[in-house]
Amino acid sequence: MLPSPILLNCFVLRGLKRGGKRDNKKDIYIWHMPSSDPVIKENQTLCTKFSFVAFSSLGELHVPMLFVVFLAIYTFTVLGNLVIICLICVSPTLHTPMYFFLVNLSFLEMCYITSVVPQMLVHLLVEPKTMSVTCCAAQMCVFTILGLTECCLLAAMAYDRFVAICYPLHYTLLMSHWVCLQWAAASWTTGVVVESAQTTWIFTLPFCGTGQIQHFFCDIMPVVQLACVDTSHNEIVLFSVSVLFIMSPCLLILCSYARILMAILRMPSAAGRHKAFSTYSSLLLVVSLFYGTALFTYLQLKAAHTPDTDKATALKYTVVTPALNPVIYTLRNKEVKGALWRIARRYPLSQAV
């Protein structure tokens with residue numbers, strides 16, 4: 001287990017008492033531990049704040065444009081997901097398991113983009129672009145919890161469509177209200193437990209040096225790279241956790257969609273195939289957008305990570321993907337568009353004003 005910053009201070013004091021040497025000119029501490037190599041050879045200053053190096057290469061002229069673009073996308077995403085949530089809540093025809101999960105997904109997307117974009121907008125306007133270690137840990141914890149919960153929730157949505165298309169006669173039994181609540185609770189519990197433990201473990205590492213994060217928010221790999229100890233074991237564990245908790249839902253989704261596709265192709269009615277494929281393609285598009293960027297980010301080799309590619313990929317899954325979900329579920333979903341049209345006719349804009 002890697003030592004925490006508090007233990008490191010204790011090691012320094014013990015090292016001095018046991019014959020450790022101090023060089024007053026360079027302020028370097030060297031201590032020896034029985035049957036082990038030195039953990040840290042230099043008494044580097046532990047970071048209390050992180051600074052972000054995100055869009056500095058674009059120049060000052062592009063900053064106002066980036067601010068306007070990101071603010072517009074953020075506003076559209078939040079309002080779009082709020083509309084979907086309210087629409088499903090007030091439309092009795094949409095009170096089905098599929099739209100129950102869609103409400104959870106829309107709420108997740110709002111929180112997901114809110115955990116990153118407001119801080120990024122502030123850092124586009126102010127100097128210095130800093131954040132305390134505690135706030136960084138909180139941001140990483142919230143962001144990763146929401147990300148893993150969405151992985152599990154997308155798997156639940158895929159299973160729901162699998163049951164609806166492949167076993168329509170047993171759908172109300174297999175996807176009862178209680179079963180849907182259990183799926184949602186399991187998704188949230190998995191996200192909270194796994195990512196809270198992972199974030200806590202990451203922030204037991206000592207962070208030294210300048211504390212510059214080559215990113216626009218506290219993502220996992222850019223923060224781990226700032227640790228002033230060997231993090232190879234940590235990176236192996238992080239990779240293993242990513243494989244287990246990202247690939248497991250992904251495999252469930254792939255198996256469900258493969259069975260759905262085969263069932264759709266066997267349908268005798270062209271109208272039935274079109275209706276089933278419409279819902280299937282919408283979910284498949286959302287899953288592809290989310291998992292494509294997540295797998296590329298967290299399952300690639302360390303040597304393949306570069307600041308520019310990490311930032312470009314992160315922009316896709318933190319800004320672009322949440323903004324596309326309201327569009328996909330309204331423009332490509334006839335039931336949602338029908339419910340929206342009925343409410344618009346019942347409460348016209350002139351009457352509301």
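The values are calculated or read from the model by the stated rules, or taken from the named source; none is laboratory data. The model shown is predicted, which means the values in this text are computed figures rather than measured ones. Counting neighbours? That spans all protein chains shown, and the Cβs are built from the backbone with ideal geometry, glycine included. These accessible areas exclude ligands, DNA and RNA; they are computed on the full protein's heavy atoms, side chains included. Shrake-Rupley method; radii C 1.70, N 1.55, O 1.52, S 1.80 Å.
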Identify all residues within the stretch 204-248 that are polar (S, T, N, Q), modelled with pLDDT of 80 or more and closer than 22 Å to residue 129 by Cα; write none if there are none. 212, 214, 225
Of all residues in the stretch 175-199, which are closer than 15 Å to residue 100 by Cα and open to solvent by 60 Å² or more (accessible area, probe 1.4 Å)? 177, 178, 181, 182, 183, 188
Please list, ordered by first then second residue, the pairs with beta carbon atoms under 7 Å, 6 or more apart or interchain, first in the stretch 170-183 and closer than 12 Å to residue 159 by Cα, second open to solvent by 90 Å² or more (accessible area, probe 1.4 Å). 174/167
Determine whether the stretch 249-272 contains at least one residue that is within 30 Å of residue 207 (Cα to Cα), in a loop (DSSP other than H, G, I, E, B), open to solvent by 70 Å² or more (accessible area, probe 1.4 Å) and modelled with pLDDT of 80 or more. no
Only one of these is of a type outside the set (Ser, Thr, Tyr) and closer than 24 Å to residue 176 by Cα: 70, 101. Name it. 101
